[in-house]
1. Are any residues in the stretch B:1-40 among the hydrophobic types (A, V, I, L, M, F, W, C) and under 20 Å from A:A59 (Cα atoms), and if so, which ones?
2. The conditions are (1) within 9 Å of chain A (Cβ to nearest Cβ); (2) in a loop (DSSP other than H, G, I, E, B), and B:Q114 fails exactly one of them. Which is it?
3. Here's a check for you: in the stretch B:28-42, which residue that is without any contact (Cβ under 8 Å) to a residue 24 or more places away in the chain and surrounded by 14 or more Cβ atoms within 10 Å (Cβ to Cβ) is nearest to the other protein chains (Cβ to nearest Cβ)?
4. Please work out which one of (1) in contact with a strand residue (DSSP E or B) (Cβ under 9 Å, 6 or more places away or on another chain); (2) in contact (Cβ under 8 Å) with a residue 40 or more places away in the chain; (3) surrounded by 15 or more Cβ atoms within 10 Å (Cβ to Cβ) is the condition A:A74 fails and give its number.
5. Can you tell which of A:L61, A:L36 is more than 11 Å from chain B (Cβ to nearest Cβ), under 11 Å from the mean Cα position of the chain (by Cα) and not in a strand (DSSP E or B)?
6. Looking only at the stretch B:45-61, filter to residues that are more than 15 Å from A:L93 (Cβ to Cβ) and not hydrophobic (A, V, I, L, M, F, W, C); which one of those is modelled with the highest pLDDT?
7. Quick one: what pairs do we get from the stretch B:89-101, first residue facing chain A (nearest Cβ under 8 Å), second β-branched (V, I, T), C-beta under 7 Å, 6+ apart or different chains?
8. Which of the residues belonging to the stretch A:37-55 are more than 21 Å from A:V87 (Cβ to Cβ) and surrounded by fewer than 21 Cβ atoms within 10 Å (Cβ to Cβ)?
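The values are calculated or read from the model by the stated rules, or taken from the named source; none is laboratory data. Predicted model, so just to flag it, every value in this text is computed and none were measured. Backbone-built Cβ (ideal geometry, glycine too); neighbour counts: all protein chains shown.
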Amino acid sequence: MNIRFETLALTTVVIPEGRLDFGAAAGFQRHVEEVLAGAGTAPAAVIIDCNALDYVSSAGLRVFLLATRAAQRAGISFALCALTPAVREVFDLSGFSRIISVHADRATAVAQAPQTPA
Amino acid sequence: MNERRTTVPSDPAQLPALMQFVQEFWSAADLPPAQALTFELALEEVFMNVVMHGAPAGTALRIEVSLRLTDSGLTMSVEDDGPEFNPLSLPPPDISASLGERAVGGQGVFLVRQMMDAVNYQRVGVRNQLTMTKYIIRFSGDRLPA
């Protein structure tokens, strides 16, 4: 899995590409934890843009659950956006789309992200 | 080509080879690619469950996977020679739980049960056998559905 990062003002966008399976989960978790910690200052919002994420298994769901909790503790807004149909199905069947914020596209997620520091 | 089998040790490093096994079956059988993901996911979940919980410490199990295409659907079976364990006996996660209360584990088998049309466990001799089926609805060209 490849992971890209973009920064828009106080928002960090994480873009995982490919498959978030058991083999990729630990590395992805480390990257998300680093983003939540921030370089010097923590971001106000973190958005995971899933438009290029083809596959997620329970190992990946676990990372999203832990990251959502960690963000909540740190007062950082955390959301996913642009889920592909296969990933959306996994989120819906597992009930995770009810406990993790999921937006239709990145523009909606960015519009809802706070504009002041956490 | 209606059935294929492969046998791998219970080692997480085998996961990519198993995904390739599903994908090759799919292209050989000329099935819709999107449906392969359901079987890849189910195989990852069931395989990793055996890898993480099925083998007594310090031992490796043999895991045999088969895919079979019939007129009614696709059946995948995963067999291992570990101690008797029925993954379907695990309680499902409470999907109405809040963020803080939601259990971190136990999602995998639950997802498999949600995605497949039928899931069965059997102890066959010294092996655990989990069989998963997804039905396929086909309409032939000359007989339109009523």
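1. Within the stretch B:1-40, the first condition is being among the hydrophobic types (A, V, I, L, M, F, W, C), and the residues that meet it are B:1, B:8, B:13, B:15, B:17-19, B:21-22, B:25-26, B:28-29, B:31, B:34, B:36-37, B:39.
Correct list: B:A13, B:L15, B:A17, B:L18, B:M19, B:V22, B:A36, B:L37, B:F39.
2. (2)
3. Restricting attention to the stretch B:28-42, the residues satisfying the condition of being without any contact (Cβ under 8 Å) to a residue 24 or more places away in the chain are B:30, B:32-34, B:36-37, B:40.
Now narrow it down to the ones that are surrounded by 14 or more Cβ atoms within 10 Å (Cβ to Cβ): B:36-37, B:40.
Working: B:A36: 10, B:L37: 5, B:E40: 7 Å.
Selected residue: B:L37.
4. Evaluating A:A74 over (1) in contact with a strand residue (DSSP E or B) (Cβ under 9 Å, 6 or more places away or on another chain); (2) in contact (Cβ under 8 Å) with a residue 40 or more places away in the chain; (3) surrounded by 15 or more Cβ atoms within 10 Å (Cβ to Cβ) leaves (1) as the failure.
5. A:L36
6. Our first condition is that a residue be more than 15 Å from A:L93 (Cβ to Cβ); within the stretch B:45-61, this holds for B:46-61.
Right, trim to not hydrophobic (A, V, I, L, M, F, W, C) and you get B:49, B:53-54, B:56, B:58-59.
Values: B:N49: 94, B:H53: 89, B:G54: 88, B:P56: 85, B:G58: 84, B:T59: 87.
Filtering first and then ranking leaves B:N49.
7. Note: pairs meeting the criteria are B:S98/A:I99; B:L99/A:T68; B:L99/A:I99.
8. Applying the first criterion (more than 21 Å from A:V87 (Cβ to Cβ)) to the stretch A:37-55 yields A:37-44.
Within the stretch A:37-55, A:A37, A:G38, A:A39, A:G40, A:T41, A:A42, A:A44 meet the criteria.
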